[in-house]
Structure formats: structure tokens, C-alpha cells
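S.K.: If you scroll down you'll find the structure; I have some questions about it.
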Amino acid sequence: QTPGSVGADLRNLVNAAALYAARRGSSVVTMADFTESIEKTLLGPERNILLTPLDRERIAYHESGHALLGLLVSGADPVRKVTIIPRGMALGVTVQSPIDDRFNYGEDYLRARIVGALGGRAAESLVYGVVTTGAENDLQQVTQIAHEMVVRWGMSPVVGPLNYAHDDGAAFQKPYSEATAKLIDDEVKRIADECFQDARRLLKEHRNKLDDLARALLEHDSLDEKEILAVTGLTPPGKPPLVTHS
Ligand code: ZN
């Protein structure tokens, strides 16, 4: 559950887990202590917010949309947990983490990330017909990944196998023409639109699973990987094919 962490991260994580064990009066550190430590480090502390039943239901559907797409889209990272307990800045959280450390990503994987990130909004639009501001952070992710696909990784056939990315912020003079800028914008939008349609279509096809998952979340607040699979009757999608180009 900790790919990408360096030694110092792991040390902090283990220290925090030991503190939780001590707080419980236990002389041994259990997996539950580690889980709590990972979640707190990753997601921030739990917050006590009073939500209306409708808001809670909406959040349950939003998170269920993310979680379900994490299971349905091949190449997506495994869904470890989904919760509608507000933590940090988030009203609900779906935790997905890769199987191992990865340094190179295929286009399928990136699209799976975008489809998953749009799952919350897609679920809201499917169930309620309207969307809320709750997807702001999701949309930031979508924009960033789709933009990098087009300008950095040459994944738009229209823009071509070119790298227009720059790392030093706003001061940089664009190395491309206004016509190319327009192409880039159009392609980023196309990718996001296609992924949103995929997200909505998949959730519509599996509407009963979406309802089951949201209902289970409303009842239990949080579900772990095993519980999510049990509720949906799904198995995790297979490992994405390895990318071997360097
Ligand atoms: Zn979301």
C-alpha cells in the first residue's frame, strides 16, 4: 500500500502506528494500527461534520462511482478502500493504490485514471441529473493528466508525437503557435469528454452495482477491498500489460 514512499515516510508511518497501538493500551502493533496510520498520513484526520441525509447519499454515490470504475476499467489501480467519513479536505475518499512501484505508464492506464477520476461526477449526473462542486479536485486531476498526455507524452494523434511541455511555470514562452495551442486545448477536451462518456456508460450498465455499493456505504460508512468486492460481486481487473519501451 505504500509504493513511492521513501525510507523517512515509512519510518513516520511505523512510528504513528506504534503510537496508535500504545493509545489502545496494546503492547503489539497490529495491521489495524498500520492501516489507521496509512489513512491518516494519506487522507488527513477524520472530521466531524453534520451532513443532511441527502448530502450523505450524494457523497455515497459519488465515491461509489469512483470505486466501481476502479473495478470495471481494465488497467485501473486496485481499489483498497472507500469511505464517506469526511477526512481532511474531502467529504469522502476512494483509495486506489498501485500493485507495485511504477515509473512508466501506458495510455490505457492514464485513461483508466481519468475515467476513474470522473466516476464521482458521472455517478452524480446519472443518479441526480445534476452535478455538485464536490468534484473540483477530481477535475483538477483530469485536466492535468489529459494535458500531459497531449503535450508531454505524444498521446494525441492530432497533435502528434511531440513534446510541448515545459517545467518552469508561467514565465515560459510557448514553443508552439496559436494554432497548435488550439489543437492542444481541443485534444485535452476530447480526451476528457470521451472518458466522461465512458464513465457514464459503464455506471449506467452497472447501475445495480452502483446502487448496492452506495447502500452498503450508507450503512457501514467505510468498506475495505474485500467488502467492496463482496458487495459488487466483481473481481479486480487484471494487471495492465507492462510497458517495456524506455
Ligand atoms: Zn471525487
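S.K.: Using θ = phi - 60° and the Karplus form 6.51 cos²θ - 1.76 cosθ + 1.60, what ³J(HN,Hα) does each residue of the range 75-92 get, whole Hz, x for Gly and Pro?
M.R.: For the range 75-92, the Karplus curve yields x, 6, 5, x, 8, 8, 6, 9, 9, 10, 8, x, 9, x, 8, 9, 7, x Hz.
S.K.: When a footprinting reagent is the concern and you count Cβ atoms within 10 Å, what order do MET89, MET155 take, fewest first?
M.R.: MET89, MET155
S.K.: Could you name the aspartates and glutamates whose alpha carbon sits less than 16 Å from that of LYS204, not counting residues in the same chain fewer than 8 places away?
M.R.: Once the sequence-local aspartates and glutamates are set aside, what remains near LYS204 is GLU63, GLU124, GLU194, ASP212.
S.K.: Still on this structure, I have one more. Where does the chain land at 222 nm, in deg cm²/dmol rounded to the nearest 500, when only DSSP H runs of n ≥ 4 count, each adding -39500 (n - 2.57), divided by all residues?
M.R.: -18500 deg cm²/dmol
S.K.: Return the FRET efficiency for the residue pair ASN163, ARG190: r is the Cβ-Cβ distance, R0 is 22 Å, and the value is rounded to the nearest 0.05.
M.R.: Approximately 0.70, to the nearest 0.05.
S.K.: Same structure, new question: Before anything else, pin down the relative contact order of the chain: Cα pairs under 8 Å, at least 6 apart, normalised by residue count, whole percent.
M.R.: 24 percent
S.K.: Please tell me which of these pairs span more than 23 angstrom C-alpha to C-alpha: LYS81/LYS209; LYS40/LYS226; LYS189/LYS209?
M.R.: Table pairs above 23 Å Cα-Cα are LYS189/LYS209.
S.K.: Once a ≥ b ≥ c are taken as the square roots of the eigenvalues of the Cα gyration tensor of the range 4-55, is the result rounded (a/c under 1.5), prolate (a/b larger than b/c) or oblate (a/b not larger than b/c)?
M.R.: In terms of gyration-tensor shape, oblate.
S.K.: Short version: ³J(HN,Hα) in whole Hz for each residue of the range 185-202, in order, from phi by Karplus 6.51 cos²θ - 1.76 cosθ + 1.60 (θ = phi - 60°), x for Gly and Pro, what are they?
M.R.: Result, ordered by residue: 4, 4, 6, 4, 5, 4, 4, 4, 5, 4, 5, 5, 4, 4, 4, 5, 4, 5 Hz.
S.K.: Shifting gears a bit: Under 5 Å between amide H atoms, partner at least 5 residues away or on a different chain: which partners does LYS81 have, H built in plane at 1.01 Å?
M.R.: VAL95
S.K.: Find out how many positive minus negative residues lie around ALA117, taking Lys and Arg as positive, Asp and Glu as negative, among other residues whose Cβ is under 11 Å from that of ALA117.
M.R.: In short, +2.
S.K.: Still on this structure, please answer the following. Could you go through the range 11-18 in sequence order and give the Karplus-derived ³J(HN,Hα) for each residue, using 6.51 cos²θ - 1.76 cosθ + 1.60 with θ = phi - 60°, rounded to whole Hz, and x for Gly and Pro?
M.R.: Once θ is set to phi - 60°, the couplings for the range 11-18 become 5, 4, 4, 5, 4, 5, 4, 5 Hz.
S.K.: For the chain, compute Rh as the Kirkwood radius over C-alpha pairs and then the Stokes-Einstein diffusion coefficient at 20 °C and 1.002 mPa s; write the answer in µm²/s, rounded to an integer.
M.R.: Answer from the Stokes-Einstein relation: 109 µm²/s.
S.K.: When Lys and Arg each count +1 and Asp and Glu each count -1, what net charge do the other residues less than 9 Å away from GLU225, Cβ to Cβ, add up to?
M.R.: Around GLU225, the charge tally is +1.
S.K.: In whole Å, largest first, what are the principal axis extents of the Cα atoms in the range 59-117?
M.R.: For the range 59-117, the Cα extents along the three principal axes come out at 32, 20, 16 Å.
Each reported figure results from applying straightforward, stated rules to the coordinates on display, with no laboratory input. Keep in mind it's a predicted model, so treat the numbers as computed, not measured. Neighbour counts run over all protein chains shown; Cβ positions are idealised from the backbone, glycine included.
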